[in-house]
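Quick notes on the structure that follows.
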Amino acid sequence: MKTIVAGIAVSLTVGLSGSLANAGTLDVVKDRGELKCGVHSGSAGFAEQSDDGRWVGFDVDFCRAIAAAVLGDGEKVQFVPLSSKNRFTALTSGEIDVLIRKTTGTATREAKLGVDFTTPTFYDGQGFLIRKDLGVTSVLELDGASVCVSPGTTSEKNLNDYFVSNDMSYQVVVIEKAAEITKAFSTGRCDVMTNDRTGLAARKLGLKNPDENMLLPEIISKEPLGPYVVKGDAQWRDIVSYVIYGLETAEETGITKANVEQLAATSESPEIRRVLGVDGTIGEDFGVSNDWILNAVKTTGNYGEIFEANLGEGTRMNLDRGLNKPWTEGGLFYAIPFR
């Protein structure tokens, strides 16, 4: 009996210590006074450094929104550029607090890598970029082609699944860095580049003669992109998720960067008052200030403003929002209520 009790006690202690080891990211960020955010090393529209060295882009704005919500200042962010190969290791080792690097949520990653997906910030799908002089109009015409792809990505696995399912052969050219993939494609080392379509659109912009290349029409996968956090820290996962829900709810309810402070002071809408922390204690219940979403919107604008500023019409990316619209407009974004 003593042996059994001792064994149970050890098991409980190990389980508890394991949970504690993975908990407390919020406290770490607060104590440090800075959010460490893992981003892409250079992806047009999503994460890149401007000429003056400032990080800009869609993913970058979500990093700043989280910093504003947690620390009250969207500039208190250290951006850590990561490759597809080392991004999850950086997260699980504590090098970063959150990974926002055009990363797809998948079951295998959550089951095996010690990480938790939060919620999508962008719905994408895998596509193929080719040179027009290849004379191809469909992926189904790529039998025998050489394809450049990054290692350790869903794109690499989807590529194999699609070609095997369609009884097609291909030669894979695995290259880690995005810039080197673009160079390999430009020099003819591979016939095709495959990645999320937004990533391919960004790479096309970096080619010497972008108009000589084209995206094929097929989309072969679902790619819900969003932040990852370390597994087991439920409080931090909730905070990151609800910052995103808050930005989506702000768009739904007409809260913008320009009017957020005025609405906090004058709105009689119960929903707006809850979201902006005027009524209730939702922020405090998560461990942050009640005006956390107000601070996030004041820093970056709502979800729609973030999209349009970095990816929408008038930008280099010039992307249609498509599935990335609110549910009220036929899109997939349906935020969990602030109630």
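Anyone know which of Val173, Val230, Val136 comes out most mobile in the 10 Å Cα GNM of the chain?
It is Val136.
R0 = 30 Å: FRET efficiency of Ala107 with Ser269, Cβ-based, nearest 0.05?
Between Ala107 and Ser269 the formula returns 0.20.
With both bridge residues required to lie in the stretch 110-200, what share of the DSSP beta bridges run antiparallel, to the nearest 5%?
Roughly 40 percent of the beta bridges in the stretch 110-200 run antiparallel, per DSSP.
Would you please give the FRET efficiency between Glu75 and Asp52, computed as 1/(1 + (r/R0)^6) with r the Cβ-Cβ distance and R0 = 22 Å, to the nearest 0.05?
E between Glu75 and Asp52, to the nearest 0.05, is 0.95.
Give me the net charge of Gln78's neighbourhood, meaning all other residues with Cβ under 10 Å from the Cβ of Gln78; Lys, Arg count +1, Asp, Glu -1.
+1
For the stretch 25-98, which trypsin sites (Lys or Arg not before Pro) are in a loop by DSSP, counting at most 14 other Cβ atoms within 10 Å?
Taking the stretch 25-98 and a limit of 14 other Cβ atoms within 10 Å, the loop trypsin sites (Lys or Arg not before Pro) found are Arg54, Lys85.
Separation between the Leu134 and Lys85 pseudo-spin-labels, each 7 Å from Cα along Cα→Cβ, expressed in nm?
Result for the modelled spin labels: 2.4 nm.
Amide H to amide H under 5 Å from Phe122: which residues, 5+ apart in sequence or cross-chain, H placed 1.01 Å off N in plane?
Under 5 Å from the amide H of Phe122: Leu225.
Who wins for biggest fluctuation among Gly226, Gly246, Gly314 in a Gaussian network model of the chain, springs between alpha carbons below 10 Å?
Highest fluctuation of the listed residues: Gly314.
Rank Ala296, Ala65, Ala178 by mean-square fluctuation in a GNM of the chain with C-alpha springs under 10 angstrom and give only the top-ranked residue.
Maximum fluctuation in the GNM of the chain, among the listed residues, is at Ala178.
Report, ordered by chain and residue number, the lysines lying within cross-link reach of Lys298, taken as a straight Cα distance under 23 Å and ignoring same-chain residues fewer than 8 apart.
Correct list for Lys298: Lys30, Lys36, Lys76, Lys257, Lys325.
Give me the net charge of Asp143's neighbourhood, meaning all other residues with Cβ under 15 Å from the Cβ of Asp143; Lys, Arg count +1, Asp, Glu -1. Don't skip to the answer; put the middle values down first.
Details: positive: none; negative: Glu141, Asp167, Asp191, Glu218.
That sum, taken over residues with Cβ under 15 Å, equals -4.
If each DSSP helix of 4+ residues adds -39,500 (n - 2.57) and the sum is divided by the residues in the chain, what number results at 222 nm, nearest 500 deg cm²/dmol?
-12000 deg cm²/dmol
Roughly how many Å² is the accessible area per residue of the chain, as a whole number, for a 1.4 Å probe?
46
Per the 1.4 Å probe, what fraction of the accessible area of the chain, in percent, lies on carbon and sulfur atoms?
Values: 7820 of 15600 Å².
Whole-percent figure for carbon plus sulfur exposure: 50.
The values are calculated or read from the model by the stated rules, or taken from the named source; none is laboratory data. Only a predicted model underlies this, so the values are computations on that prediction, with no experimental measurement involved. Note: ideal-geometry Cβ built from the backbone for every residue, glycine included; neighbour counts use all protein chains shown. Areas reflect the complete protein model, heavy atoms only, side chains present, ligands, DNA and RNA absent. Shrake-Rupley method; radii C 1.70, N 1.55, O 1.52, S 1.80 Å.
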